[in-house]
Amino acid sequence: MSPAAASASPDDRIRNYEDFVRVHAYLLAAAGIPPSLHQRLYRKLADEVFDGGEVFAVEPCEDGRQRRLVLSADESLRKESDVFLVDHAWSFRLPDALKQLREVPGLAERMAALMCVDLDRRIETEEADEKDGHESGSLEHVLQVVEKEKARVQERGRDSAAWLELEELGIDDDMLVALDLSAKFPNLVALNLWGNKLQDLEKVMQEIRKCAKLKALWLNENPVLGKSIDKAILDGLSGLEIYNSHFTSKAGEWALGFCADIVGADNPCSSVESTLLGSIEIIDLSDRCIHKLPEVLSPSNFPSLSKLNIRGNPLDQISGDDLLKLFGGFTKLQELEVDIPGPLGNSAISILESLPNLSLLNGVDSSSIIESGKHIVDSALEPRLPEWSPEEPLAERVIGAMWLYLMTYRLADEEKIDETPVWYVMDELGSAMRHSDYANFRIAPFLFMPEGKLDTAISYTILWPTHDVHTGEECTRDFLFGIGEDKQRSARLTAWFRTPENYFIQEFRRYQEQLQSNSICSSTKIEETPSTKSIRPSDGRALRVYTDIPHVEEFLTRPEFVLTTDPKEADIIWVSMQVDSEVKKAVGLTDQQYTNQFPFEACLVMKHHLAETIHKAWGSPEWLQPTYNLETHLSPLIGDYFVRKRDGMDNLWIMKPWNMARTIDTTVTGDLSAIIRLMETGPKICQKYIERPALFQGRKFDLRYIVLVRSIRPLEIFLSDVFWVRLANNQYTLEKTSFFEYETHFTVMNYIGRMKHMNTPEFVKEFEKEHQVKWLDIHESIRSTIRCVFESAAAVHPEMQNPFSRAMYGVDVMLDNRFEPKILEVTYCPDCGRACKYDTQALVGSQGTIRGRDFFNAVFGCLFLDEQTNVSPL
């Protein structure tokens, strides 16, 4: 969201409701706050009324790893009946996040508690208190638990089935032997030893084998699991149907009865009667690692089955067609939960066509799926919960978790928009609101300006009900309000939820195949003869140049050119702004005046178009890192990310705005949630980060080359002999905390006042010595790569050609650790301050001295006088 604020005059101080509405009119409209609530909002803002605590309560959920907000008031809350202020607990610019967490007292602790990433510390405290209260982990305590169950069994009859829950009691190998469970429970059908201290394979197997009638066994989170116990268990217990929550190959009626809740600790039994199976309506088989459904699961045995969940199972030993045929036989089956893509195929619509009796598929109404044409549907996505390691400091845990909670806005007034967005975390009440596609509340950021001025504004989030909400009901908001499938809604939900990985991997594979089929340039090689000539008038008069660029005004000194302040009388228009048809008409320019830009050059100078142009021309060349336009290709990117994660590959990415320079709003991250959330601050590309670049004395660097273009078709381009290196200030590292350090991962330092200039010949000499390479070999590789970039534009966008265009572009190149060039970006009208300021020596061609003050004389000589001084043709 990007709330803007109109500029205010000194008499805009808010004195009453009318002033409030006048000053905040745009903000109120942009926020979508119902007009009926404006007066109520004004009173709460003016009096700083935070009354949400009287109406709502925050409750833990997901085992304490998340919180939710519920309506706790005695009375229901009617739609649009009230409005609430939510404070901002933390506001920051992204580069400052880690520094603030480390330096602001109490901030990391508050954020860690709010984001539930201090859970282990809270548990340690609780466990310490617990240990003071009783002797958990002692044989005596465990025996007490066992004796209670033994007494329950005896009440039902000594030979009746037993179900023993011994979870997280600190049981070790010797205690397990001492318990002698098989003697106490001769008909033990289920044994839960989850989360104990069992580690001796022999002792564990000795005791487990004695329990020959076991149908279910849980040894999860015991050290012994690392010692190949699985095969021994499965071979040693012939009747075992469930092992560590998964179905075994022997799973049948009993396992299905357990998943249907007719068998359990409250109703232990060694077998399930067919009459009971016939009455079962709901079976949840999710995440049971089932490869093939038990044969007993048939329409004749389960005639009443109306709801079935088979999510999270490979089901790879039965075909999708056979599964659909099986499920089609369940005449009362109305609700089905299944992974899509998954065992039943890739399309929800195809599944519904095969199972027309279904009313709900993955919790979504079948008719709405067919109407919307959605192939992937899921209303029960698992939340993406924060993960951290025990040794990780709180500040770093918060950095990892914050993308699940952050909100953003960008400040603006009538004159300009702030280039750097503000990120913020709502207070504990606001942050507890979870997502729903059918939310009952809405929120919006709001800047209250009591003085009528933006610089004294106070930021809040405004909360109001959009439906009637009843006491005890969860209060939810739509994390992607206003964003539909046309803007990749389902894919963007991956920031907060565990969406189906298979679907995205398939999208990535499809995208790869599409790229590999693109090869316009590699399949057609056209030899072209240069066609441009000097444009100097035959009468010998000087060419008139109109420019708004100070370096051209100062350094274009040769007599063949003369500066003019009237663009209409100029032969050459050399400006930093875009000269389109509207500008030409407004200024009075003609199509016979030469300009320093080509039509449709956006295909080179806008980052998303550059990648698209190269992809169309070359497919996936080595010299362009994998690049995705997030506005159109988020799904394949997510698939690429999942494949890299699965295969243990590098997974660091760099987010770049389409059309901003100087690394503004550019971020390096390996966090998928961050990648997706950063889309909210403007259109971006996501490009694979060069994690192992060539370094210079331990620091990252890139190279700025200057390319002069006389013609696109035929392609006539020249490389200036002047290029320069841009060095990072800090030593390069891949430490996660370093990604916030601009001077470690970025090289454009001339805008932050701490640039370390290095003369190019000196850099090349030192680089060759450090790496034992020949720069001329690297230079030839770079030349070839730059040529390929402009061949891409000529092949894909021949409409760029204009005989009255001549242009200069900056091309940024980085070397990887094998000294192979990678194209970073192409810049229109590049800043050539360094080229004009410093004398240098040509490393190719004449190898003579190149004076900085002659840089633009050579550029204009090449482009307009058919010269090749201090340039070389590509």
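The values are calculated or read from the model by the stated rules, or taken from the named source; none is laboratory data. Because the structure is a prediction, the values reported are computed rather than measured. In this analysis, Cβ positions are derived from the backbone assuming ideal geometry, glycine residues included, and neighbour counts consider all displayed protein chains. Surface areas here come from the heavy atoms of the whole protein model, side chains and all, with no ligands, DNA or RNA. Shrake-Rupley method; radii C 1.70, N 1.55, O 1.52, S 1.80 Å.
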Counting pairwise Cα distances across segment 624-687, what percent come out greater than 20 angstrom? 19 percent
What is the helix-to-structure angle for 201-210, meaning the angle in degrees between its Cα long axis and the longest Cα principal axis of the chain, kept from 0 to 90 and rounded to the nearest 10? 40 degrees
Length gained, R43-R209, 0.36 nm per residue minus C-alpha separation, equals 52.5 nm
Where does helix 634-646 land angle-wise versus the long Cα axis of the chain, in degrees 0 to 90, nearest 10? 60 degrees
Quick one: length gained pulling F50 to T456 fully straight, 0.36 nm per residue minus the C-alpha distance? 144.1 nm
What is the set of long-range amide H partners of L824 at a cut-off below 5 Å, with H atoms built 1.01 Å from backbone N? D812, V813, M814
Give a residue-ordered list of calculated ³J(HN,Hα) values for segment 59-67 (Karplus: 6.51 cos²θ - 1.76 cosθ + 1.60, θ = phi - 60°; whole Hz; x for Gly, Pro). 10, x, 8, 6, 6, x, 8, 8, 10
With a 1.4 Å probe and all protein chains kept in place, how much accessible area does W658 have, in Å² rounded to the nearest 10? 60 Å²
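Evaluate the charge dipole of segment 154-272 about its Cα centre and quote only its size in Debye, nearest 20, assuming +1 on the Cβ of each Lys and Arg and -1 on the Cβ of each Asp and Glu. Let's see the in-between values first.
Numbers: 12 positive and 19 negative charges, 82 e Å.
So the dipole magnitude of segment 154-272 works out to roughly 400 debye.
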Got a sec? Charge dipole of the chain, +1 on Cβ for Lys and Arg, -1 for Asp and Glu; which of I399, N857, L652 is way out at the positive end? N857
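Quick one: in the chain, what % of C-alpha pairs are over 43 Å apart? Don't skip to the answer; put the middle values down first.
Working: 187964 of 381501 pairs.
Roughly 49 percent, rounded to a whole number.
Using a 1.4 Å probe and counting only protein heavy atoms, arrange D87, D671 so the residue with the most accessible area comes first. Don't skip to the answer; put the middle values down first.
Details: D87 65, D671 40 Å².
From most accessible down to least: D87, D671.
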Would you calculate the separation in nanometres between label points at S581 and V58, each defined as 7 Å from the Cα along the Cα-to-beta-carbon direction? 5.7 nm
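Cα convex hull of segment 277-426: how many Å³ per residue?
On the way: hull volume 29.1 nm³, N = 150.
Taking the convex hull of the Cα positions in segment 277-426, it is 194 Å³ per residue.
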Specify the inter-centroid distance of segment 439-470 and segment 631-693, based on alpha-carbon positions, in whole Å. 31 Å
Rounded to the nearest 20 debye, dipole of the chain from Cβ charges on Lys, Arg, Asp, Glu: 2580 debye
Kindly report, to the nearest 10 Å², the accessible surface of E799 as traced by a 1.4 Å probe over protein heavy atoms only. 80 Å²
Where the centre of each part is set by its Cα atoms, how far does segment 279-341 sit from segment 58-119, in angstrom? 40 Å
Put D566, D866, D478 in order of accessible area, largest first, probe 1.4 Å, and you get D866, D566, D478
For the pair R818/S436, report the inter-label distance in nm, with labels modelled 7 Å from Cα in the Cβ direction. 5.3 nm
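Filter the cross-link list K616/K700; K616/K822; K700/K756 down to pairs whose alpha-carbon distance in this structure exceeds 23 Å. Don't skip to the end; give the middle numbers.
Numbers: K616/K700 30 Å; K616/K822 18 Å; K700/K756 13 Å.
Long pairs (Cα-Cα over 23 Å): K616/K700.
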The set of residues whose placed amide H lies less than 5 Å from the amide H of G452, leaving out same-chain residues fewer than 5 positions away, is I14
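What's the extension gain from N357 to E295 if we count 0.36 nm per residue and subtract their Cα-Cα distance? Show your work: numbers first, answer last.
On the way: separation 62, 0.36 × 62 = 22.32 nm, distance 2.27 nm.
Answer, rounded to one decimal: 20.1 nm.
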Accessible area of L863, 1.4 Å probe, to the nearest 10 Å²? 0 Å²
So with the 1.4 Å probe, I'd like the accessible area per residue for segment 273-382, rounded to whole Å². 47 Å²
Note, ³J(HN,Hα) from phi for segment 338-352, Karplus 6.51, -1.76, 1.60, rounded to Hz, x at Gly and Pro: 7, 5, 10, x, x, x, 9, x, 9, 10, 4, 5, 5, 4, 5
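Let me have the 222 nm mean residue ellipticity of the chain computed from DSSP H runs of 4+ only, each contributing -39500 (n - 2.57), with the sum over all residues rounded to the nearest 500. Walk me through the intermediate numbers first.
Numbers: 32 runs with 274 residues, N = 874.
Taken over the chain, the calculation gives -8500 deg cm²/dmol.
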Compute for segment 362-472: radius of gyration divided by Kirkwood radius, i.e. Rg/Rh, restricted to C-alpha atoms, rounded to two decimals. 1.06
What Kirkwood hydrodynamic radius, in Å, does segment 574-719 give when the mean of 1/r is taken over all pairs of distinct Cα atoms and then inverted? 17.9 Å
Projecting each Cα onto the charge dipole of segment 201-246 (Lys/Arg +1, Asp/Glu -1 at the beta carbon, about the Cα centre), which of N222, L234, N244 comes out farthest on the positive side? L234
Percent antiparallel among DSSP beta bridges (both partners in segment 154-272, rounded to 5): 25 percent
Counting sequence-distant residues (5 or more places) and residues on other chains, those with an amide H built under 5 Å from that of G264 are C269
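If you look for lysine pairs in segment 154-272 that are eight or more places apart or on different chains, how many of them have Cα atoms under 14 Å apart? Walk me through the numbers before you get to the answer.
Working: K184/K210; K184/K213; K197/K227; K203/K227; K213/K250; K215/K250; K231/K250.
Lysine pair count for segment 154-272: 7.
Please list H291, H141 in order of solvent-accessible area, largest first, computed with a 1.4 Å probe with all protein chains present. Before the final figure, lay out each step's value.
On the way: H291 70, H141 45 Å².
Largest accessible area first, the residues go H291, H141.
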Using DSSP, restrict attention to beta bridges with both residues in the chain and report what percent are antiparallel, rounded to the nearest 5. 75 percent
Distance in Å, no decimals, from the C-alpha centre of segment 531-564 to the one of segment 162-187 is 94 Å
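When the accessible area of the chain is split by element with a 1.4 Å probe, what percent falls to carbon and sulfur? Before the final figure, lay out each step's value.
On the way: 18990 of 39780 Å².
Taking all protein chains in place, the chain shows 48 percent carbon and sulfur surface.
When only DSSP loop residues count, what trypsin sites (Lys or Arg not before Pro) in segment 316-412 have their Cβ near at most 15 other Cβ atoms within 10 Å? Walk me through the numbers on the way to the answer.
Values: sites: K325, K332, K374, R384, R397, R410; in loops: K332, K374, R384, R410.
Passing sites in segment 316-412 are K332.
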Which residue, W623, H608, Q593, has the largest displacement toward the positive end of the dipole of segment 583-623 when charges sit on each Cβ (Lys, Arg +1; Asp, Glu -1)? Q593
With both partners inside segment 226-366, how many of the DSSP beta bridges are antiparallel, as a percent to the nearest 5? 45 percent
Karplus-derived 3J(HN,Hα), 6.51/-1.76/1.60, for each residue of segment 92-107, Hz, glycine and proline x: 6, 8, 3, x, 8, 4, 5, 4, 5, 4, 7, 10, 7, x, x, 5
